[in-house]
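Novice: Okay, here's the structure, questions in a sec.
Each reported figure results from applying straightforward, stated rules to the coordinates on display, with no laboratory input. Since the model is a prediction, treat every value here as computed from it, not as a measurement. Cβ coordinates were reconstructed from backbone atoms using ideal geometry, including for glycine residues, and neighbour counts include every protein chain displayed.
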């Protein structure tokens, strides 16, 4: 799989009408002030926060504040000098961490392919103390470490207070308190909710630490979780307009959209993401019945499936070899994606049919339904292996393929349990790497009637993230190697990631 | 010599009347825009500046701009992205250097006693490009190096323009162009003028890179150079009021004064600096005849000499052993300062007598004159060695002692040349380390009638700094070891330092 898509001289095709609507839907953020925790750590000593102003800091001293929960927002520190008059700038370093283990990492040792600019570390010179230092950038963190790189031999730095002004478009005030069957479910549900809230910003971001932007795959899952909780309908609608408003020149939707300095499609196409757009739109309409949005976005949505049908399938409707390489499905180099992608295409056609039904276009509806039916039959023919008793993609067995063809309704009756058992965690087969994929696995178990297995998996996988030291759910998580990173360093991992928030939805809907 | 003075619980004694006058004298700064140079260096390649915007920069790329002269001011960079859309913050490092060799230093390897916060290096994250990055801090530099710590694999950083908005209270527009006898003198004179202008800010700073504040020793020399050039009389007057307006509780003047966030004496007393205050005030009045300032500052000035007479001399008027340890004189651990300090005290008493004469107080005038005469006799008795044919301080021969007792008029007729020859650069004797001390050496040569030697020394010493790669004159310079630092690292040296600007005065007055 190509990790990085670069299209030279790419120019997105923008629709001013749709983008103006997206702009008008920009949410007002809620700002919440979180005071410093009651205690902190200075070097190896635990100190009451109130005592910190009586503990002047010298070159090399470190203060760690644990705000007690994941925050997305801006830090303000009240700093002053002790000893003689400040006779040189104070030089400080701030490290922000979503989980405690991040603080042990050395940013200088990071040499992965993802930008080191995501590492949340700042070095600042303070020319004149006292100062109310309001950092201009937004960070995602629970922990912040202040290291005194230097004061001078004559004076010391004093931290007298700290606070975080957290930002989110999610409105906690409208949320009913939910009580679930046991503490574990409650804890997992609530962490999903927090993950969702932290990602609900100016758009539904994938992660507030990184990459801080809108992806279709994340949007669909965030929206599902939001419908049952914060109901950030304007933000969801805004996101739907953004994807339709800035696209590839041929009408395809980009996998993600930038909003700064102005909305712009990325030059990255992920076929499964584009195909999930009609699904996300249909789900939004299910919640809202919003006819204006339907009218504006119907054609852009249908185009996504139409393009794939026209350009990437053979006459039987099966994806041509190589089409899978244009899809994401999961972080996995080894995965053959074609069969899983076929499942996504079928679901997309179902959604297109439903959308056409909403506008009363029976003919187009029937067309999509017929294509979906034909594709289901073709998929069963093309990918089911009687010998292996599971679906194969390019000859490869994987749980991913079972999941998506189950979700698409192609799995033969009564075969799901064994197909999953034959592929989940089997040696030599691609492993599921992301909560995004694990979500669809749980959905597939539910669809196959394996509700107990679904709950066990949800508890084990998402609960495992919490046990590994998160307050929120991560972008990637392999229970066998909790700190693994697809980027070459855990310090750039995102520990609060939108596509991982779905226990808030799954528990609410299936395990309440 | 104690390098760092720390007085626990020090509280300066402030005089609101004097400080209000100082505040009212705050100069308006002149802002001058310096565009980027015509060419720059990208890694090892020299590029026309105009071509720089066509040279996208990736992780690790470095751009060096040479502005062609020393600047004190703020940098603005126009930065944008090339390639795909910016998908991660840009992370850059900026290193500012007064001389080219500074750029080869690694700040991480600096471990001297002076604060590493003086190192002019910033690391910045740029969340959204394009940006007009106007750095908020002031830097002292000729060279600036931008290092791309990271962009992302998808985009590159583009530097399209750069400029420096230089700041100074010195007004070049009133300066007549002066032509001197030869290029070398011209070059040295002009570098002195530039050094002075760079240090003429809100106050007469010692160095615009470091320590950016007002010291009496620097003030006196800056003022001398300013009278014959920029005539920044308000700034000089402001500085005189600042020293008088915030003092030690017992009335002594601090060696230096902070102005941010509010005027405050440092807890550092240097006896020679305090004794030079009446000298600086008398010189200011010589230039201006400013009766208001005389009325306000006479008593604070006289107090400086009176305190030393009352607390640090024996009945013959000779400084008690150990008094020298309270003086600066020069950077030198080995130097015995008592005899040199005696010279400073005598000059201070001369100035006090002149100040009393200005207000028509003949009695006090005569008193200071009598003390000065007695001290001259006592100094000759106490410090002159017939055997060594020079002055000794605590049995130690040094050029410093010869210089100050010559300036004080104690050197026996016809003995100066040999006394200097026996002590200047002799093995085992303290060497002159700073342009501050070299200035007084040149003045002493002139006072002894050794004008040719004075000119040769001036050309050799200050010309040597220019040959070693400066545009301005440095805080410290040993021709035998041009990069030596009293601080444990050349990267914290100040390459533009007020006390070194005096060739602008000396050449103008003596060698024109």
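Novice: Based on the Cβ-Cβ distance of residue B:234 and residue A:481, what FRET efficiency does E = 1/(1 + (r/R0)^6) give at R0 = 56 Å, to the nearest 0.05?
Specialist: On the way: r = 69 Å, r/R0 = 1.23.
Once the sixth-power term is evaluated, E becomes 0.25.
Novice: Please work out how much length the chain gains when fully extended from residue B:380 to residue B:46, using 0.36 nm per residue of separation minus the C-alpha to C-alpha distance, in nm with one decimal.
Specialist: Numbers: separation 334, 0.36 × 334 = 120.24 nm, distance 6.20 nm.
Extra length available between residue B:380 and residue B:46 comes to 114.0 nm.
Novice: Using a ≥ b ≥ c from the Cα gyration tensor of the stretch A:1-43 (square roots of the eigenvalues), is it rounded, prolate or oblate, where a/c under 1.5 gives rounded and otherwise the larger of a/b and b/c decides, a/b for prolate?
Specialist: Oblate, because a/c is 1.5 or more while a/b does not exceed b/c.
Novice: Further question on the same structure: Can you pull the one-decimal nm distance between simple spin-label points at residue B:20 and residue A:62, each 7 Å off the Cα toward Cβ?
Specialist: 5.1 nm
Novice: Which value does Rg/Rh take for the stretch A:179-313 over its C-alpha atoms, Rh per Kirkwood? Before the final figure, lay out each step's value.
Specialist: Values: Rg = 15.5 Å, Rh = 15.5 Å.
Rg/Rh for the stretch A:179-313 comes to 1.00.
Novice: May I ask you to give the average projected area over all directions of the convex hull of the Cα atoms of the protein assembly as shown, in nm² rounded to one decimal?
Specialist: Numbers: hull surface 187.3 nm².
Projected over every direction and averaged, the Cα hull of the protein assembly as shown covers 46.8 nm².
Novice: Once the label point is set 7 Å along the Cα-to-beta-carbon vector, what list of distances in nm do you get between residue B:32 and its counterparts in the other copies?
Specialist: Between copies, matching label points for residue B:32 lie 5.5 nm apart.
Novice: Just check the stretch B:1-78 against the gyration tensor rule for me: Cα atoms, a ≥ b ≥ c as the square roots of the eigenvalues, rounded for a/c under 1.5, and otherwise prolate or oblate depending on whether a/b exceeds b/c. Spell out each step's value before the answer.
Specialist: Values: a/c = 4.03, a/b = 2.16, b/c = 1.87.
Since a/c reaches 1.5 and a/b is larger than b/c, the shape of the stretch B:1-78 is classed as prolate.
Novice: Calculate log10 I(q)/I(0) of the stretch B:1-153 for q = 0.13 Å⁻¹, where I(q) comes from the Debye formula with a single equal point scatterer on each Cα and nothing for solvent.
Specialist: Each listed q corresponds, in turn, to -0.76.
Novice: On to the next question. So if R0 is 35 Å, what FRET efficiency would residue B:362 and residue B:315 give, r being the distance between their Cβ atoms, rounded to the nearest 0.05? Walk me through the intermediate numbers first.
Specialist: Values: r = 25 Å, r/R0 = 0.72.
Efficiency at R0 = 35 Å is approximately 0.90.
Novice: Once the label point is placed 7 Å from Cα along Cβ, list for residue A:181 the distances to the corresponding points in the other copies, in nm, shortest first.
Specialist: 10.2
Novice: Which whole-angstrom value gives the distance between the alpha carbon centres of the stretch B:472-510 and the stretch A:269-334?
Specialist: Result: 70 Å between the Cα centres.
Novice: Which whole number gives the average count of other chain Cβ atoms within 10 Å of the Cβ atoms across peptide A:119-128? It would help to have the intermediate numbers written out before the result.
Specialist: Working: counts 5, 1, 3, 3, 5, 2, 8, 2, 6, 4.
If you average over the peptide's residues, the count of other-chain Cβ atoms is 4.
Novice: Using mean Cβ contacts within 10 Å as the protection proxy, how do A:230-236, B:87-93, B:11-17 order, highest first?
Specialist: Numbers: A:230-236: 21.0, B:87-93: 22.6, B:11-17: 13.6.
In descending order of packing, they fall as B:87-93, A:230-236, B:11-17.
Novice: Closest approach to the B-A rotation axis by any Cβ of B: residue and distance in angstrom?
Specialist: That would be B:123, 3.
Novice: OK, next. Label-point separation (nm) for residue B:172 and residue B:82, each offset 7 Å from Cα along Cα-to-Cβ?
Specialist: 3.2 nm
Novice: For the stretch A:74-113, take N as its residue count and report Rg(C-alpha) divided by 2.2 N^0.38 Å. Mind showing how you got there, number by number?
Specialist: Numbers: Rg = 15.3 Å, N = 40, 2.2 N^0.38 = 8.9 Å.
Against the compact-globule rule of thumb, the ratio is 1.71.
Novice: Compute the Cα gyration tensor for the stretch B:328-389, then decide on rounded, prolate or oblate, letting a ≥ b ≥ c be the square roots of its eigenvalues: rounded whenever a/c is under 1.5, prolate when a/b is larger than b/c in the other cases, and oblate in all that remain. Mind showing how you got there, number by number?
Specialist: On the way: a/c = 4.69, a/b = 1.81, b/c = 2.59.
Verdict is oblate for the stretch B:328-389.
Novice: Percent of Cα-Cα pairs more than 21 Å apart in the stretch B:307-417, please.
Specialist: Result: 34 percent of Cα pairs exceed 21 Å.
Novice: Other chains near B:146-154: what is the mean number of their Cβ atoms within 10 Å of each residue's Cβ?
Specialist: Details: counts 0, 0, 1, 5, 7, 3, 8, 6, 7.
Mean shielding count: 4.
Novice: Could you tell me, in Å, what Rg and Dmax come out for the Cα atoms of chain A?
Specialist: 24.6, 83
Novice: Turning to a different aspect of this structure: In whole Å, how far is the Cα centre of the stretch A:195-265 from that of the stretch B:346-362?
Specialist: What the calculation gives is 79 Å, centre to centre.
Novice: Provide the FRET efficiency to the nearest 0.05 for the residue A:93-residue B:325 pair, computing r from the beta carbons and using R0 = 25 Å. Kindly include the intermediate steps, with their values, before the conclusion.
Specialist: Numbers: r = 38 Å, r/R0 = 1.51.
With a Förster radius of 25 Å, E is 0.10.
Novice: Neighbouring Cβ atoms within 10 Å as the yardstick, rank A:268, A:401 fewest first. Could the numbers behind the result be given before it?
Specialist: On the way: A:268 22, A:401 30.
Listing A:268, A:401 from fewest to most nearby Cβ atoms yields A:268, A:401.
Novice: Further, regarding this structure: Please state the Cα pair-distance histogram of the stretch A:85-171 with 10 angstrom bins from zero: what percent is in each bin?
Specialist: P(r) for the stretch A:85-171, in whole percents per bin: 13, 42, 31, 12, 1.
Novice: Between residue A:299 and residue A:123, how many nm apart are label points set 7 Å from Cα along the C-beta direction?
Specialist: 5.4 nm
Novice: How far apart are the residue A:53 label points across copies, placing each 7 Å from Cα toward Cβ, in nm, shortest first?
Specialist: Label-point distances to the other copies, shortest first: 5.0 nm.
Novice: So what's the Cα pair-distance distribution over the stretch B:228-286, bin width 10 Å, in %?
Specialist: With 10 Å bins starting at 0, P(r) equals 22, 52, 24, 2.
Novice: Shifting gears a bit: Work out, in µm²/s and without decimals, the Stokes-Einstein translational diffusion coefficient of the stretch B:120-241 at 25 °C, 0.890 mPa s, Rh from Kirkwood over C-alpha pairs.
Specialist: Working: Rh = 17.3 Å.
Translational D for this selection: 141 µm²/s.
Novice: Of all the Cα-Cα pairs you can form in the stretch B:384-460, what percent are over 21 Å apart? If you can, show how the numbers build up before the last one.
Specialist: On the way: 492 of 2926 pairs.
Everything past 21 Å amounts to 17 percent.
Novice: Quick one: check the C-alpha center-to-center distance for the stretch B:12-51 versus the stretch A:101-132, whole angstrom.
Specialist: Centre-to-centre (Cα) distance: 28 Å.
Novice: Counting helices only, and only those DSSP H runs with n ≥ 4, report the 222 nm mean residue ellipticity of the protein assembly as shown as the sum of -39,500 (n - 2.57) divided by its residues, in deg cm²/dmol to the nearest 500.
Specialist: On the way: 26 runs with 378 residues, N = 1024.
About -12000 deg cm²/dmol.
Novice: Can you pull the three principal axis extents for the Cα set of the stretch B:416-503, in Å, largest first?
Specialist: In descending order, the Cα extents are 38, 29, 19 Å.
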